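All remarks here apply to the structure that follows.
The values are calculated or read from the model by the stated rules, or taken from the named source; none is laboratory data. As the structure is a computational prediction, the values presented were derived from the model and not from experiment. No Cβ is skipped: glycine too gets one built from the backbone with ideal geometry, and neighbour counts run over all protein chains shown. Quick note on the areas: whole protein, heavy atoms, side chains included, nothing else; ligands and nucleic acids left out. Shrake-Rupley method; radii C 1.70, N 1.55, O 1.52, S 1.80 Å.
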Amino acid sequence: MQLYSTKNKRKLVDLRQAVLQGLPEDNGLYMMRDLPVLPPSFFKQLKSLSFQEISLEIGKAILKGSIPKKELRSIVETAFNFPVQLVKIEPATNILELFYGPSLAFKDFGARFMARTMSYFIQNEERELIVLVATSGDTGGAVAAGFHQTPGIQVVILYPSGMVSALQEKQLTTLGGNVKALEVKGTFDDCQALVKRVFLDTELSRTLRLSSANSINIARLIPQSFYYFEAWKQLERPENVVFSVPSGNFGNLTAGLLAMRMGLPVVKFLAATNINDVVPEYLRTGIYRPRPAQRTLSNAMDVGDPSNFERMNDLFSFAWNGFRKAIEGYTFTDEATKAGMRECYQRTGYVLDPHGAVGYLAWKASAAEHPKIQGIILETAHPAKFVQAVSDILETKVEIPERLASLANLEKKSISLEADFETFKMWLLKNYH
Ligand SMILES: *Cc1c(COP(=O)(O)O)cnc(C)c1O
C-alpha cells in the first residue's frame, strides 16, 4: 500500500515509513492512497466472522501485502484478544462497548495494533525507536499498556499536569521499564504542540530514531475502522444506521468515515463533543476556528484543535458540503452531560461514562429529528475509569473491574516538565542519545 501526505499528494511512502515516522516532514498527515471497497461477498459472510477475522480481512484489503498475511494474522489475534460488545438498551438505541481492553478505553484497539505493527517493522534494526505520545487522558494509558515491554521500543508519554483523572494518571505512570511519563505544566494542546515540534526539529530527527503514537499515526487509525463493521454485524436489522461518536481529536470519527468509504452502509455520523466544539461549529458556520481547550467532565475530549480535522478535510476534498452530508455536529455542556447520564440510567438502567453520555445525547437529539434511524453510540470508556464522577452523578456504586482496581496500590512515577520546547529537547537528548 502507498500513503501520501495531506499536504502533498504526490510524494508517496510505504506503510513502514508512515508508521515509523508518524508524521510527514511537511507537517501534513498520512493518508492511504487507495482505500479498498470491500466486495459484497465480504458483507455476505460477515455474520459468520469473528472480530479478529473481520479485522484480518479488512486489514489485508487495506494493507495490500505491506505486512504478510501470516504476520498480520498474528498482529490482530494478539492485539484484539478481548471482546467488542453491542448492547441494545432501547428499541433503536445501541451501545457499542469498546472498553474491554487493558486500559478500559477504545484507544486500546489503535495502541495495541500500532505497537505490534511497529515492532514488526523494526525487528531487524539496531537503533531503539522512541515513541512519543501526547495524551489528554486515555491515549497514554492505552499506549503505555500496548507498548509495555515491546522489544526495541522506548515510550515517552506527555500529559497535562492535574488534568487527567487519578486512575488515568496511574495507568500512565506506574508501568515503568520502557515507559516514561512526563507531567507537563500546561494543557493537552501544549503537550501535542511539543510532540509536533520534535518532528520538525532537524537536530532531533537526525540524532534520534523517533516516532509518534497519537491518533495522527496511521497505524492507530486503521484498526479503529474495524469495529464499525463489527457493530454493524451485531445488529439484528442492519439498516438505517447512524453512528454517534464522542469526539476530541476525531480519530475515531475519521476511522468511521474510512469504514463508510470501504462500503459500510452508514446513513451518517454524529460528531458529539463537549463545549470544545470547533467541529460542530465548523459544520454550522463553515468556519474552522481552533482555540485553546477548556476543561470538562469528559476530559479525553478536551481538544481545541483536533489533529484529524486535516484528514477529514482531505476525505471531503476540503468541501464544507461534503462534511455536512456525512456528519451532524452536536455539543453539550457538563450539566447536560450529567443530566443525560441520569436520564439514561433511570430509564434503562445503563451506566454511561461522561464521554459516552455526550454520544448518547447527540443520538437522542438526532433521533428526535429523524425517525426511522437506529443509533449506535460508541461507548469509548468504561464508567469505572471515572468512578468518582459517575458514582456522584448517578448516586450509585460503580463496579470496578479487577484490571483497574489493582492499579490503585501502585506508585506514581512521573517527571515534571515545563511546556517549553527547548527544555523538552534537552531532556530527550540527555536520556536517549
Ligand atoms: C480519546 C477519547 C475520546 C476521543 O476520541 P478521538 O478519537 O480523539 O476523537 C473519547 N472518549 C474517550 C474515553 C477517549 O479516551
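Inclusion of R324 among residues that are away from the ligand (no atom under 12 Å from the Cβ) and either hydrophobic (A, V, I, L, M, F, W, C) or part of a loop (DSSP other than H, G, I, E, B) (or both) is not warranted.
Where helices (runs of 4 or more DSSP H) fall entirely within the range 333-433, none has at least 2 residues that are among the basic types (K, R), under 21 Å from the mean Cα position of the chain (by Cα) and more than 19 Å from N299 (Cα to Cα).
Looking across the range 138-166 at every residue that is among the hydrophobic types (A, V, I, L, M, F, W, C) and touching a Lys or Arg at 6+ places or on another chain (Cβ under 6 Å), the one that is farthest from P401 (Cα to Cα) is identified as V156.
Tell me which residues, restricted to the range 59-109, are of a type outside the set (F, W, Y), open to solvent by less than 20 Å² (accessible area, probe 1.4 Å) and away from the ligand (no atom under 16 Å from the Cβ). G59, I62, L63, I67, L72, I75, V76, A79, T93, N94 - these are the residues of the range 59-109 that are of a type outside the set (F, W, Y), open to solvent by less than 20 Å² (accessible area, probe 1.4 Å) and away from the ligand (no atom under 16 Å from the Cβ).
Can you spot a residue in the range 309-318 that is farther than 22 Å from L221 by Cα, open to solvent by less than 40 Å² (accessible area, probe 1.4 Å) and within 15 Å of the ligand (Cβ to nearest atom)? Checked against the condition, which is being farther than 22 Å from L221 by Cα, open to solvent by less than 40 Å² (accessible area, probe 1.4 Å) and within 15 Å of the ligand (Cβ to nearest atom), the range 309-318 yields no hits at all. Only one entry in Q149, Q154, Q123 is closer than 25 Å to L210 by Cβ and open to solvent by less than 50 Å² (accessible area, probe 1.4 Å), namely Q154.
Table: residues versus (1) open to solvent by 20 Å² or more (accessible area, probe 1.4 Å); (2) more than 9 Å from the ligand (Cβ to nearest atom); (3) within 27 Å of L158 (Cβ to Cβ); (4) not basic (K, R).
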residue	(1), (2), (3), (4)
M262	no, yes, no, yes
K268	yes, yes, no, no
N276	no, yes, yes, yes
Y288	yes, yes, yes, yes
S298	no, no, yes, yes
M301	no, no, yes, yes
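Every test in (1) surrounded by fewer than 21 Cβ atoms within 10 Å (Cβ to Cβ); (2) part of a strand (DSSP E or B) is passed by V242 save one, and that test is (1).
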